[in-house]
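Below: one structure, written as structure tokens.
The values are calculated or read from the model by the stated rules, or taken from the named source; none is laboratory data. These figures come from a predicted structure and were not determined experimentally. For neighbour counting, all protein chains shown are included, and Cβ atoms are generated from backbone atoms with ideal geometry for every residue, glycine included.
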Amino acid sequence: MSCIVIVGAQWGDEGKGKFVDVLTEKADWVVRFQGGNNAGHTIVVDGAKTALSLLPSGILRPGVKCLLGAGVVMNPSVLISEMERVRAAGADTSPARIVIDRDAHLVLDYHIAIDKARERARGSDRIGTTGRGIGPAYEDRSQRSGIRCADLLYLDRMKERVRAHVIEKNKVLELVLGSESQVDFEALWSTLEQEAAILAPYVGNGSKIIHEALRSGQRVIFEGTQGVLLDQVHGTYPFVTSSSTIAGGASVGGGIGPRMIDSVVGIAKAYTTRVGEGPFPTELHDATGEELRSRGHEFGTVTGRPRRCGWLDAVALRRAVRISGIDNIILTKLDVLTGLRRVRVCTGYKRGKEVLDDLPALVHEYEGLEPQYLDVEGWDCDLAQVRRWEDLPATLHTFVREVSRLVECPISFVSVGPGREATIPVDVHPVVAGFVGAS
Ligand code: GDP
Ligand code: IMO
Ligand code: MG
């Protein structure tokens, strides 16, 4: 039995998709355990790029099975078109390979309408959501009225519940949120009926399947979406998503006991990005920030929005390591820093005479914080073809070692390009080594 959880250790888009794909070389299952199509995970194989928002990033490895766990919120239209897209590229998308947990909740048109209308109504206080209906779907789950995947098997029983939802949400849209947008029940229902017929064969008992897979010695990867700092409870609230993005979320949303997890891998970028609103102490508003954005192609996979860019924040990363129990980090996009005269890492935030060693709890407490930096000399050689740690420049070694020291966590791999092959082992965690055939 071998079970790893992979989480984003910052505010998302750290390169989780690439590394879930890399680590599926020897995996049997990949499980998405939270989030929905707010996620955008990019995989590059032999130069060909695939963007996934709902399917687990194991889908491009023939033979690897994929589960959308109970903690996921699933938009049926998006899942069906994503399956069609990867099937056209040669992937097997049959129910023999993909399972959708019966307890996962659906994202329907009214969730999307409410998400967008609420953001508009918030005005300058908006969160900058992806507008995919994720928050409203989780709200329905919390208030115990959500529609689940198992309901797709009982359309007659579900119909009146969906109709009641549409009536209620239309009132909220008009009377509470002042929106002109209304959802048409008949149109929604006729689409949903067709989608239910397609998706019904995929619905299964995910937690039981995974439990049995683990007990029979199979290798399972739990694929997180978003990042620890976007966690609904432990993130930079209220500028967060609506699910448990921390490693513990794998237990909650996957339906396995926490003691089944053998290792927690945190994916972190060698700098920091954030999409949407919210605190970001090391954000750069200057030419270096622009340079990181253009060289790192930092534009949202889902919405195309420019990502905000800044230096690596070891204070925030240390928090992510603590909250998620990350026992090894994969540091990505080091190639993007090539050519900079110096590379900075934030070691603390100064407020008056005090130096804070953790993120503040409230948004107004970020005002006037001055990040303190450790500067490391940059490097200027092309990393694209480098495949061994010892062949990397000495200043890059120093940077990686300093990050590891500051966040008190070993580094398993560094990444120097989007492709599978641009992956360099450093101090690979023994459990993780089993997923790439190294043991
Ligand atoms: P995710 O949401 O964490 O899966 O990350 P995204 O796919 O949204 O964003 C990461 C982007 O960086 C994708 O376009 C990846 O192909 C790309 N990427 C991943 N690792 C590296 C790397 O080491 N170097 C470069 N240049 N790009 C990378
Ligand atoms: P991946 O998995 C980056 C951000 C949104 C917004 C906040 C809430 O690709 O790393 P939501 O639509 O979830 O209610 O939006 O969370 N956000 C992400 N940022 N990467 C993601 O996913 C994100 N998913 C949501 O920009 O600030
Ligand atoms: Mg992404």
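For residue 51, the conditions (1) out of contact with any helix residue (DSSP H, G or I) (no Cβ under 7 Å at 6 or more places or on another chain); (2) touching a residue at least 40 places away in the same chain (Cβ under 8 Å); (3) among the aliphatic types (A, V, I, L, M); (4) not in a strand (DSSP E or B) are fulfilled apart from (4).
Of all residues in the stretch 110-156, those satisfying the criterion of being among the hydroxyl-bearing types (Ser, Thr, Tyr) and assigned to a loop (DSSP other than H, G, I, E, B) are 129, 130, 145, 154.
Would you mind finding the one in 43, 59, 100 that is of a type in the set (Val, Ile, Thr), under 23 Å from residue 197 (Cβ atoms) and within 14 Å of ligand 1 (Cβ to nearest atom)? From the options 43, 59, 100, the qualifying one is 59.
Examine the stretch 337-354 for a residue that is within 30 Å of residue 139 (Cα to Cα) and either within 16 Å of ligand 1 (Cβ to nearest atom) or among the polar types (S, T, N, Q) (or both), and state whether such a residue exists. No: zero hits.
Residue by residue, here is whether (1) touching a Pro at 6+ places or on another chain (Cβ under 6 Å); (2) in a loop (DSSP other than H, G, I, E, B); (3) at pLDDT 95 or above holds:
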{"position": "368", "(1), (2), (3)": "no, yes, no"}
{"position": "376", "(1), (2), (3)": "no, no, yes"}
{"position": "386", "(1), (2), (3)": "no, yes, yes"}
{"position": "403", "(1), (2), (3)": "no, no, yes"}
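If you go through the stretch 189-208 and keep only what is β-branched (Val, Ile, Thr) and buried (at least 18 other Cβ atoms within 10 Å of the Cβ), you end up with just 203. Identify, please: which residue in the stretch 12-37 is part of a loop (DSSP other than H, G, I, E, B) and within 10 Å of ligand 1 (Cβ to nearest atom) and is, among those, farthest from residue 235 (Cα to Cα)? Only one residue tops the list, namely 15. Could we say that residue 342 is charged (D, E, K, R), touching a strand residue (DSSP E or B) at 6+ places or on another chain (Cβ under 7 Å) and under 24 Å from residue 265 (Cα atoms) here? No.
Would you be able to say whether some residue in the stretch 82-98 is within 16 Å of ligand 2 (Cβ to nearest atom), free of Cβ contacts under 8 Å to residues at least 60 places away in the same chain and under 20 Å from residue 167 (Cα atoms)? No: the stretch 82-98 contains no residue that is within 16 Å of ligand 2 (Cβ to nearest atom), free of Cβ contacts under 8 Å to residues at least 60 places away in the same chain and under 20 Å from residue 167 (Cα atoms). Tally the residues that are buried (at least 24 other Cβ atoms within 10 Å of the Cβ), of a type outside the set (Asp, Glu) and within 11 Å of ligand 2 (Cβ to nearest atom), restricting the search to the stretch 10-21. Total meeting the criteria: 6. Within this structure, residue 324 fails the test of being without any contact (Cβ under 8 Å) to a residue 24 or more places away in the chain and of a type in the set (Gly, Ala, Ser).
For the stretch 262-288, filtered to residues that are aliphatic (A, V, I, L, M) and surrounded by fewer than 21 Cβ atoms within 10 Å (Cβ to Cβ), the residue that is nearest to the chain's Cα centre (by Cα) is 284. Among the conditions (1) within 16 Å of ligand 2 (Cβ to nearest atom); (2) of a type in the set (A, V, I, L, M, F, W, C); (3) part of a strand (DSSP E or B), residue 346 misses just one, which is (1). For the stretch 164-188, residues that are closer than 19 Å to residue 148 by Cβ and surrounded by fewer than 17 Cβ atoms within 10 Å (Cβ to Cβ) total 2. Restricting attention to the stretch 216-250 and to residues that are surrounded by fewer than 24 Cβ atoms within 10 Å (Cβ to Cβ) and over 16 Å from the mean Cα position of the chain (by Cα), the residue that is nearest to ligand 2 (Cβ to nearest atom) turns out to be 238. Of everything in the stretch 317-343 that is basic (Lys, Arg) and more than 16 Å from ligand 2 (Cβ to nearest atom), the residue that is farthest from residue 359 (Cα to Cα) is 341. Could you go through the stretch 178-197 and let me know if any residue there is in contact with a Leu (Cβ under 6 Å, 6 or more places away or on another chain), aliphatic (A, V, I, L, M) and either modelled with pLDDT of 95 or more or assigned to a helix (DSSP H, G or I) (or both). Checked the stretch 178-197: at least one residue is in contact with a Leu (Cβ under 6 Å, 6 or more places away or on another chain), aliphatic (A, V, I, L, M) and either modelled with pLDDT of 95 or more or assigned to a helix (DSSP H, G or I) (or both).
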